Every structure is written in C-alpha cells, then in structure tokens.
Amino acid sequence: MNRDTLSGSPGSKRGEHPFSIAIDKEPKMAIERIDPELCNGCGICVTSCPADVFRMDRKSKQAVITYPEDCTLCGWCLEVCPRNAVTVSPEKRSPLIVSWG
Ligand code: SF4
Ligand code: SF4
C-alpha cells in the first residue's frame, strides 16, 4: 500500500502510550472521475448529489468534481447520470489514520 507510517510513544515512560499515524499518499475519495467524452452537461449529478460534490464548469459546460472528499459513496450519481460518465470507487480511505495502543 502506498502509505507512510510514523510510530512513537509520548508517555512519561517509554512505551506507555504508543501511537501510530499513517498517511495515505494517494487517498481514495470514492468519486473518481467524470469522463469528458461522455458528459453531456445535463447537470443532473450537480443537482442530485446529496453531498454537493459536483459543480458545472462554465467554460466546458460540463460537470466537474469539486469536493471529492465530501463524497459519501452513496452511488446516486451512478444511478442518475444518463451517459454513464461517472466513475466511483467502491473504496473510500481517509488520508490520515491515527491509532493508539
Ligand atoms: S449527470 Fe452525467 S452527463 Fe449529466 S452533467 Fe453529470 S456527469 Fe455529465
Ligand atoms: S457517490 Fe453519492 S456522494 Fe459521492 S459523488 Fe456520487 S452522488 Fe455524490
């Protein structure tokens, strides 16, 4: 996996409160891509995404992914896009994972 890990122990005694922090170099955000060859600019994804992930690009008049980190992986954009232009990963990973113990 493409991940950096840092481990340590900030407690008064060595080893008392061990922790680790993992940072994904390429975090997954579930929503991955809109194919510009397929998108017809209908805007349905923009108005129907419950997490407000998309916007319309004024220049291209196509949908663009603006807030990928807000994607909840609901899959609704896949259902409503009439051109099958949207790609959603089945996986969502945070860029930062902190664990104790
Ligand atoms: S619903 Fe599909 S075709 Fe319509 S704007 Fe969104 S990505 Fe493009
Ligand atoms: S999967 Fe759901 S939350 Fe994510 S971009 Fe599509 S409609 Fe929005």
Percent RCO, i.e. relative contact order, over the stretch 3-100, from Cα pairs under 8 Å lying at least 6 residues apart: 36
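Which value in deg cm²/dmol, rounded to the nearest 500, describes the helix-derived mean residue ellipticity at 222 nm for the chain, given -39,500 (n - 2.57) per DSSP H run of n ≥ 4 and division by the residue count?
Working: 2 runs with 10 residues, N = 101.
Helix-only estimate at 222 nm: -2000 deg cm²/dmol.
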Per residue, the convex hull enclosing the alpha carbons of the stretch 3-100 has a volume in Å³ of 115
Go ahead and collect, in residue order, the members of the stretch 21-55 whose backbone nitrogen is under 15 Å from a label point 7 Å along the Cα-Cβ direction of residue 3. 21-29
Which of 20, 56, 85 sits closest to the plus end of the dipole of the stretch 3-100, meaning its Cα is farthest towards the positive end, when Lys and Arg get +1 and Asp and Glu get -1 on the C-beta? 20
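Coordinate-derived values only; no laboratory data. What you are looking at is a predicted structure, and each value in this text was computed from that prediction instead of being measured. Here the Cβ is made from the backbone with ideal geometry for all residues, glycine too, and neighbour counts use every protein chain on show.
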